[in-house]
Each structure stands twice: as structure tokens, then as C-alpha cells.
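Peer 1: Before anything else, here's the structure in question.
The values are calculated or read from the model by the stated rules, or taken from the named source; none is laboratory data. No experiment lies behind these values; they were computed from the predicted model shown. Cβ placement follows ideal geometry from the backbone for every residue including glycine, while neighbour counts extend to all protein chains displayed. Side chains are part of the model used for accessible areas, which takes the heavy atoms of the whole protein and leaves out ligands, DNA and RNA. Shrake-Rupley method; radii C 1.70, N 1.55, O 1.52, S 1.80 Å.
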Amino acid sequence: MKKIIYLFIALLITSSAQAQAPQKMSYQSIIRNAAGDLISATNVGMRISILKGSAAGTSVYKETQNITTNANGLASLDIGAGSVVSGTMANINWGNNSYYIKTEIDPTGGTNYSITGTSQLLSVPYALYSGSTTVTAILPPGCQKLVTATTTFTKIADLGTFTKKDAHTFIELNMQSNFSMTSLGTSTGVIFELRIDDDKTTLGRASLRLSEATTQFPGTITGIFPDISTGVHTVSIWARSSFGTASNVGYDPGCWNNFYSNNLYIKEYR
């Protein structure tokens, strides 16, 4: 089979105002024949494949298109807008492997593809990849507390588990509940903290501070965790006093878990 002789020009991601990520990539290349001559102002047949893992990897998506080159032999097309042969663009997990684009060309406009070329997709198509964001909602166990909180962080409860699918993504935790401490004692406040696998975040804080005794304080704790491996992980909530001791430090003090805003949201994204 003849080899393609062409200059790869650009691989761009289309933008859209829609809430759902567009399943298209803009692709351009200069098309030449086996002799190195430009194929100008000509309708050419193209078969485009997205390969997983290597230049000889498994095709996860394939389509065909007919494109007319310009006077300079430039072919411009949107991958994802052709006639699908196999696969689905929306099902590609762009973050879990390397990907390659293989083009096969029939310079006569048919399907006798005699010119081929493969290029690695060096940057993840963000607009496509962002569509794979996942959010998990968990109902934590209700009415959990520490009878006495000291200046050392102590676990109040495990809130639930989640599965991280991609090694290159962030995890964002968002807990909504009613927080409480009935007595400050000698303390000047109480700090609540979310953790994953009993480890605090390495990016800022995932905490909430109460500075007054209260039986019902509706609040939200949010934190971003950048260094979480793939697999199953456990989210937990911890607390400590700012100074001295505090009493009955916890969340959902009325044990109305199913009636009040007592939720944990776990978002995985890039």
C-alpha cells in the first residue's frame, strides 16, 4: 500500500455554548499523492479512525467522509461529522490512554483507500473529555458526633465510598448538612474537615469552622483533592477544637437524615 506524503497542519477542538460537550474535532491536513504532488481542488474520499494505545492499536471509532481540498491541497473536516462505520465518539474515555488518528484517502473520491497516515493525538481534546465528568451522590449516616473534641483531629464517621476512574482527574467533595457543638468549654471554636482514605487534601483545605455553640448550623464543606489514585476510596469527616475541648461535636444532630439537607456529592473532573 502506498504511503501518504503530507504535512499535518492542525487538530483543533470545536467550541459550543451547549451544556453537553460537542462530539467533534476539527482536523486539517495537506494532501499529497505518492509522488509528492499536491492534490488540489479535488474531491477525495477519507476514512478516519481513532486508535487506542498505539499507531497500530484497536480502533475505537471509525467514519468516512468526502472532502474537497482547496487550491493548496488543504483538506478541512470535523471528525465526528461523517458517516459512522463503527464506535461512538461519546463513549471514548480520553483520559485513560493515548490515542492516534489514522487517515486513509482515496484521491479519486471513492472508497479505494490507497494513501494512509497516522498521527498521535498529543493533547487531550478537553471539550470532549470534559463531557466525561461524573458526579456521585451519597446519603451519609445520620446523627454522628464526638462526645468530646480535643485539639487533635478525630474521625467522626465514614460518610461513604466512591470509585475513581481516571488517574489524571481531580476529586471535589461537597458535603451539605447541619453541624453542631453544644458547648465550647475551654475552646474558641471547632473545625470540621473532610478527608479521603483518612488523608487530608494537599490543595488548600476542605474544612468548616464553628466559633459559637449551636445545635443546628446549616453549612457546606467543600474541598478539592488532586492526588487520588484510581480505585475505591472512602470519604470521612473529622473534627477538632481550636483550643481546649468542646462537647457534642457532629452533624445531623436531630437524626433527621432523610428530611434535612444532609448529602455528600463527589465530583470527578479534569
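Peer 1: Answer with one residue from Ile224, Leu146, Ser207: the one whose Cα lies farthest towards the positive end of the charge dipole of the chain, charges on Cβ with Lys, Arg +1 and Asp, Glu -1.
Peer 2: Ile224
Peer 1: Something else now. From the backbone phi of segment 133-147, what are the Karplus-calculated ³J(HN,Hα) couplings (6.51 cos²θ - 1.76 cosθ + 1.60, θ = phi - 60°) in whole Hz, Gly and Pro given as x?
Peer 2: 4, 10, 10, 10, 9, 10, 9, x, x, x, 6, 10, 7, 9, 5
Peer 1: Setting aside same-chain residues fewer than 8 positions from Lys24, which lysines have a Cα under 25 Å from its Cα?
Peer 2: Lys52, Lys62, Lys102, Lys165, Lys267
Peer 1: With a cut-off of 8 Å between alpha carbons and a minimum separation of six or more residues, what is the relative contact order of the chain in percent?
Peer 2: Worked out over the chain, it gives 20 percent.
Peer 1: Could I ask something else about it? Quick check: at a probe of 1.4 Å, how many percent of the accessible area of the chain sits on carbon and sulfur atoms?
Peer 2: On the chain, the fraction of accessible area on carbon and sulfur atoms equals 50 percent.
Peer 1: Something else about it: How much area per residue is accessible in the chain when the probe is 1.4 Å and only protein heavy atoms are counted (Å²)?
Peer 2: On a per-residue basis, the chain sits at 49 Å².
Peer 1: Next question, about the same structure. How much of the calculated P(r) for the chain lies past 22 Å, in percent of all Cα pairs?
Peer 2: 65
Peer 1: In the P(r) worked out for segment 178-220, what percent of Cα pairs fall beyond 18 Å?
Peer 2: 35
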